[in-house]
Amino acid sequence: MALIFYDTETTGKQTFYDQILQFAAIKTDADLNELDRFEIRCRLSPYCVPAPGAMRVTGINLAKLTDPSLPSQYDMAMAIREKLLEWSPSAFIGYNSIRFDETLLRQTFYKSLLPLYLTNTNGNNRADVMRMVQAASLYEPEALTPADDGSGRTSFKLEFVAPANGFNHVAAHDAMGDVEATVHLARLLADRAPDVWSSFMRFGSTAAVTAFAEETSVFSFSDFYTGRPYSWHVTLIGRNASYGTELYVFNLEVDPEDLDGMADYDLAARVDIRPKPVRRLRGNSCPMIMPAEDAPEISGSAGLPLQELERRAAYLADHPNLRERLIAAFESLQEPYPVSPYVEGQIYDGFFNADQSKLDAFHATPWEQRVPIVHSFSDERLRELGLRLIHAERPDVLDKATCAKLDIALAERLTGKAGEVPWLTLHKAIEQIETLIVAASVDQITFLEEHRRYLTSRLEQFSRLLGQPPAI
């Protein structure tokens with residue numbers, strides 16, 4: 001299978017509300033020999049406010065941000081999808097891509113009325129080199145040189161890990177430069193930490209993870225929280241009935257016999273006390289799983305003989321009622337997933353199967369004929385996103401009343417007139433850039449002041465539209 005390494009540069013870190021400005025990818029064969037590469041940039045969407053800190057890091061100046069010759073976000077989404085489908089089926093690999101870049105890529109497709117799940121359907125699967133680097137630090141610690149963030153603390157950020165391991169990362173925070181750094185690290189991992197590399201290549205799909213967990217009575221499961229590593233010997237006890245990609249595993253540091261006689265109330269209390277007996281293993285998020293004998297020394301059950309771990313796993317296998325009670329106790333402590341009032345946050349609130357033929361027609365139809373298709377969507381999310389998309393791309397095809405209504409909605413969105421919102425507003429961005437300017441070096445002042453003038457002019461424009469003073 002081919003491998004596709006990719007990266008994005010964005011307007012900020014809010015994956016539901018920011019946008020991709022640059023996308024880059026390199027296709028390799030299974031031996032990591034480059035076969036092809038692809039890169040595209042787009043201009044700023046009218047629905048997005050760029051975060052000043054992100055612009056300073058990436059160095060994207062105002063001319064590049066607003067260049068009318070660049071594709072729109074929609075045109076970029078169409079081009080990315082066409083290229084990735086051409087390269088499929090493949091393994092899609094990034095650096096911290098599972099938690100960041102892929103979420104933004106899905107949002108880009110979502111806002112463009114395109115299918116979301118390109119990277120993990122139709123024979124494609126996924127991996128994440130940052131998680132490989134973290135796993136190598138536990139399972140094969142001699143493979144890579146640990147990276148220092150400059151303050152004496154270990155860092156797994158690409159900008160530190162790549163140079164620490166021999167990559168001349170002069171183009172850090174450029175999408176193609178970061179893809180090249182990611183490929184470099186992947187080659188080192190494949191050569192120096194082959195067990196870690198092969199594990200992540202094997203477990204790039206939920207089906208493969210689930211099959212391994214079902215077939216292996218005891219295995220090692222590790223993860224990182226706030227930069228700190230944790231590891232456990234575990235056994236599978238069940239699946240999340242609502243989210244089939246989530247598995248529940250039991251931490252074999254705890255003897256299940258000690259829990260069997262507890263009342264339900266006491267069991268629920270015990271599940272929340274360290275060492276926590278039940279862990280959540282997300283099968284679709286490149287979990288760090290390895291054979292039991294390869295568990296790192298930090299594993300809480302590392303001092304227990306494998307025979308005892310196998311005995312505890314067998315006890316759970318023979319007591320289905322205890323497994324069910326443990327899962328019920330664990331789930332009783334979980335906060336329900338919050339329902340978002342905003343369309344961006346509703347991305348996973350159901351599939352669009354009923355509207356799929358209309359979505360296909362939308363993309364195949366001239367802009368002048370797309371408005372009736374949008375109004376015919378049965379899913380309210382698609383109607384809202386569709387009108388917003390047409391407003392951003394071709395407002396001239398909307399009737400005057402609808403266009404004026406969307407103009408007002410956009411102004412209220414970006415000025416924050418609706419109140420406290422989760423996305424970056426112009427007021428907040430101007431406050432942030434003022435803070436940056438105070439602490440900026442001489443060579444950054446011009447860059448930041450240019451962005452401030454742009455943000456201020458947009459705020460003045462929208463304030464006039466709303467008939468209110470800009471209150472800068």
- Compute the long axis of helix 400-415 from its Cα atoms, compare it with the longest principal axis of the Cα atoms of the chain, and write down the angle in degrees, 0 to 90, nearest 10. 60
- Under 14 Å, Cβ to Cβ, from P320 - net charge with Lys/Arg +1 and Asp/Glu -1: 0
- Item | Descending Cα extents along the principal axes, the range 113-218, whole Å | 43, 42, 24
- Tilt, helix 206-215 to longest principal axis of the chain (alpha-carbon atoms), in degrees rounded to tens, equals 10
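Give me the percent of Cα-Cα pairs in the range 28-74 that sit more than 16 Å apart, rounded to a whole number.
Working: 573 of 1081 pairs.
The proportion of pairs with Cα distances above 16 Å equals 53 percent.
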- Along each of its three principal axes, how wide is the spread of alpha-carbon positions in the range 211-286, in whole angstrom units, largest first? 35, 28, 24
- Message: Defining a contact as two alpha carbons under 8 Å apart and six or more residues distant in sequence, what relative contact order in percent does the chain show?
- Response: 14
- Query: For the chain, rounded, prolate or oblate, judged on the Cα gyration tensor with a ≥ b ≥ c (square roots of eigenvalues), a/c < 1.5 rounded, else prolate if a/b > b/c?
  - Reply: prolate
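If you take every residue apart from T154 with its C-beta less than 12 Å away from the C-beta of T154, what net charge results, scoring Lys and Arg +1 and Asp and Glu -1?
Every neighbour counted, the sum reads +1.
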- When the helices in the chain are scored as -39500 (n - 2.57) per DSSP H run of 4 or longer and the sum is shared across all residues, what 222 nm value do you end up with, to the nearest 500 deg cm²/dmol? -13500 deg cm²/dmol
- Message: Please state the shape class of the range 1-151: rounded when a/c is under 1.5, otherwise prolate if a/b exceeds b/c and oblate if not, all from the C-alpha gyration tensor.
- Response: oblate
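Within 10 Å, count the other beta carbons around each residue, average over each peptide in 399-408, 216-225, 15-24, 334-343, and list them highest first.
Packing proxy ranking, top to bottom: 15-24, 216-225, 399-408, 334-343.
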- Cα gyration tensor of the range 100-144 - equivalent ellipsoid semi-axes, whole Å, descending: 31, 12, 5
- Report, in debye and to the nearest 20, how large the dipole of the chain comes out about its Cα centre when Lys and Arg carry +1 and Asp and Glu carry -1 on their Cβ. 1400
- Message: Within 11 Å, Cβ to Cβ, of Q134, how many net charges do the neighbouring residues add up to if Lys/Arg are +1 and Asp/Glu are -1?
- Response: 0
- Shape of the range 117-175, Cα gyration tensor, a/c cut at 1.5: oblate
- Debye sum, Cα scatterers, the range 173-230, no solvent: what log₁₀ I/I(0) at q = 0.17, 0.18 1/Å? -0.82, -0.89
- Note on the structure: Going residue by residue through the range 42-58, the Karplus relation 6.51 cos²θ - 1.76 cosθ + 1.60 with θ = phi - 60° gives ³J(HN,Hα) values, rounded to whole Hz and with x marking Gly or Pro, of 9, 8, 5, 6, x, 8, 10, 9, x, 6, x, x, 5, 5, 5, 5, 7
- Per residue accessible area in Å² of the chain, where ligands, DNA and RNA are left out and the probe is 1.4 Å: 46
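The values are calculated or read from the model by the stated rules, or taken from the named source; none is laboratory data. No experiment lies behind these values; they were computed from the predicted model shown. Positions of Cβ are generated from backbone atoms using ideal geometry, with glycine treated the same way; all protein chains shown enter the neighbour counts. Keep in mind that these areas ignore ligands, DNA and RNA; they rest on the heavy atoms of the full protein, side chains included. Shrake-Rupley method; radii C 1.70, N 1.55, O 1.52, S 1.80 Å.
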